[in-house]
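First the structure, in the form of structure tokens, and then the observations on it.
The values are calculated or read from the model by the stated rules, or taken from the named source; none is laboratory data. If you're wondering where the values come from, they're calculated on a predicted model, not measured in any experiment. Here the Cβ is made from the backbone with ideal geometry for all residues, glycine too, and neighbour counts use every protein chain on show. The area values use the complete protein model at the heavy-atom level, side chains included, leaving out ligands, DNA and RNA. Shrake-Rupley method; radii C 1.70, N 1.55, O 1.52, S 1.80 Å.
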Amino acid sequence: MKIINNPILRGFNPDPSIIRVKDDYYIATSTFEWFPGVQIHHSKDLINWELVARPLNRLSQLDMRGNPCSGGVWAPCLSYDNGIFYLVYTDVKTRSGIWKDAHNYLVTTDDIYGDWSKPVYLNSSGFDPSLFHDTDGRKWIVNMLWEHRLRVAKKSNGIIMQEYSPEKKKLVGPVKKIFDGVLSVTEGPHLYKRNGYYYLIVAEGGTGYNHVVTFARSKNIDGPYEVHPLNPILTSADNPELELQKAGHADLVETQTGECYMVHLCARPLSKRGYCPLGRETAIQKVVWRDDNWLYLENGSNTPDLKVPAPDIGNNSAADSIVKKADNKYVERDEFDSFELNINYQSLRVPLKEDLLSLKERPGFLRLKGGESLSSRFRQSLIARRWQSFNFTATTCLEYEPQNYQQMAGLVCLYDESDFYYLMITDNEKIGKCLDILCCNQGKFSTPLEKEIKIEGWNRVYLRVEVDREELQFYYSQDEDRWQKIGAVLDVAKLSDAISLHTGSFVGLCCQDITGQNHYADFDFFEYKER
């Protein structure tokens, strides 16, 4: 029997939405302030998954300039009907205090690997929109209703529904609340139809250690909905020993042979109920429908398993899950030989165009032109990829000649603009070209070095970071053979969702020029190697 190992999408991949189109499976996950927006993974067997697309890749679809950290794209919903793929998503502009300025949009395509349409605005009443295609041809948007009033204890006021008109490209008809919820923070809704029932799945309890999956059903799409007799149907809240914590925010898919699976959000803390530097990930559980027309985990409990029976859908191997259109694969060592940036990299909030990033001006190198500071929420010159393991080494080599202390470039481990560790090349008017480390935790800046390290005259500089679960250590070298430690061991827990918010840690390359002259750095390669 083949086994699925959880998580199926490692590293920052929260809020999964899954569909099957014939023999192909696709999962869409949240990307928050990272651009392009929404990750789509593909599989043939539910075991092997490959990142194949990021559909929100134009400013006309997603402009996150100024968005707060952990704002941006929340909880996309991917669906398919009559040859068209539909993607609804939230762009969160405000998330602090009592407000959620959360705008919901819809884009479509007939080619999931191709270009998606301009966005259609839906509403701003709450986040986590989901599109349901009913058997009678009507389409419905459901989303959570945000509650900002100070006198109301619950900040989510249940789930609302409104019809979507493809012809008019807007929501039409009355808005109706269909579900109040069982616990606090009722969000992440999805609708299904089976055996004469409408089923509603929601996430409750918040996305932390009290996260749960609530399941309900009704004979009518607009309710009332009765809750599952053994609710919640999935949670880690009562078992701190489980390796998969924070289980919640789920979606369902049926295989071509009639088996059923639930994908869900999870997290793997460094220690029991501790910090999660990898962020929230995606796992999968096998579920079964019983004669009472209710859904249950096949394992007989309501807790997630690390190993799950794979579906019986033929002899699909790992090679079968490689899609011919997704030829931009991940490699451990990226030599920047292509004129297109590898799909595993993302930037913050906006795309990096030729004025900040070029793979053509010096072939074989990534040229980053100095942008705004690492604290900026507008135009940073930075590309990075997710941490997907607790143990990895990342290495780069750059050629860079800063002209003053306001110019810097190097290797960064970053959670958001308030939480990062930065090994950089800069300039000091007394010693010239030098190395320094800048730490920022919760917006407070520090450095573990007593003074900068002089590297005047070095044409090429190799930088490295080693992450070993709780510990992070920087290194530097002149030849990639003889490495020297630089700075003290740093605390990985400072780059985690328990310290900050909803995303996960990244490692990557950046360049700043606070003078505004866009002085550039040339990176020869970037290597990410898990151990």
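Selection within the range 183-203: residues that are of a type in the set (A, V, I, L, M, F, W, C) and at pLDDT below 95. The member of this set that is farthest from Leu295 (Cα to Cα) is Val185.
Given Pro402, Pro351, which one is touching a residue at least 12 places away in the same chain (Cβ under 8 Å) and open to solvent by 20 Å² or more (accessible area, probe 1.4 Å)? Quick ask: steps written out before the conclusion?
Values: Pro402 fails: open to solvent by 20 Å² or more (accessible area, probe 1.4 Å).
Of Pro402, Pro351, the one residue that is touching a residue at least 12 places away in the same chain (Cβ under 8 Å) and open to solvent by 20 Å² or more (accessible area, probe 1.4 Å) is Pro351.
Scanning the range 345-404 for residues that are farther than 19 Å from Tyr528 by Cβ and assigned to a strand (DSSP E or B) yields Ser358, Arg367, Lys369, Gly371, Glu372, Gln380, Glu399. Remark: Ala247 matches the filter, which requires a residue to be within 24 Å of Tyr225 (Cα to Cα) and among the small types (Gly, Ala, Ser).
Could you list all residues from the range 478-531 that are polar (S, T, N, Q) and open to solvent by 10 Å² or more (accessible area, probe 1.4 Å)? It would help to see each step written out before you state the result.
Of the residues in the range 478-531, the ones polar (S, T, N, Q) are 478, 484, 496, 500, 503, 505, 512, 515, 517-518.
Gln478, Gln484, Ser500, Thr515, Gln517, Asn518 - these are the residues of the range 478-531 that are polar (S, T, N, Q) and open to solvent by 10 Å² or more (accessible area, probe 1.4 Å).
Residues in the range 165-184 that are over 15 Å from Phe132 (Cα atoms), hydrophobic (A, V, I, L, M, F, W, C) and surrounded by 20 or more Cβ atoms within 10 Å (Cβ to Cβ): 1 in all.
Which residue, of Ile383, Ile425, Ile437, is β-branched (Val, Ile, Thr), in contact with a Gly (Cβ under 6 Å, 6 or more places away or on another chain), buried (at least 20 other Cβ atoms within 10 Å of the Cβ) and over 20 Å from Glu456 (Cα atoms)? Give the derivation first.
Working: Ile425 fails: over 20 Å from Glu456 (Cα atoms); Ile437 fails: over 20 Å from Glu456 (Cα atoms).
Exactly one of Ile383, Ile425, Ile437 is β-branched (Val, Ile, Thr), in contact with a Gly (Cβ under 6 Å, 6 or more places away or on another chain), buried (at least 20 other Cβ atoms within 10 Å of the Cβ) and over 20 Å from Glu456 (Cα atoms), namely Ile383.
The set of residues in the range 240-268 being farther than 15 Å from Ile18 by Cα, open to solvent by less than 50 Å² (accessible area, probe 1.4 Å) and either in contact (Cβ under 8 Å) with a residue 60 or more places away in the chain or acidic (Asp, Glu) (or both) consists of Leu242, Leu244, Cys266, Ala267, Arg268.
Of the strands (runs of 3 or more DSSP E) lying entirely inside the range 51-112, those containing at least 3 residues that are under 29 Å from Val331 (Cα atoms) and either open to solvent by less than 40 Å² (accessible area, probe 1.4 Å) or among the aromatic types (Phe, Trp, Tyr) (or both) span 72-81. Looking across Glu361, Glu372, one residue alone is closer than 30 Å to Ala498 by Cβ and open to solvent by 10 Å² or more (accessible area, probe 1.4 Å). It is Glu372.
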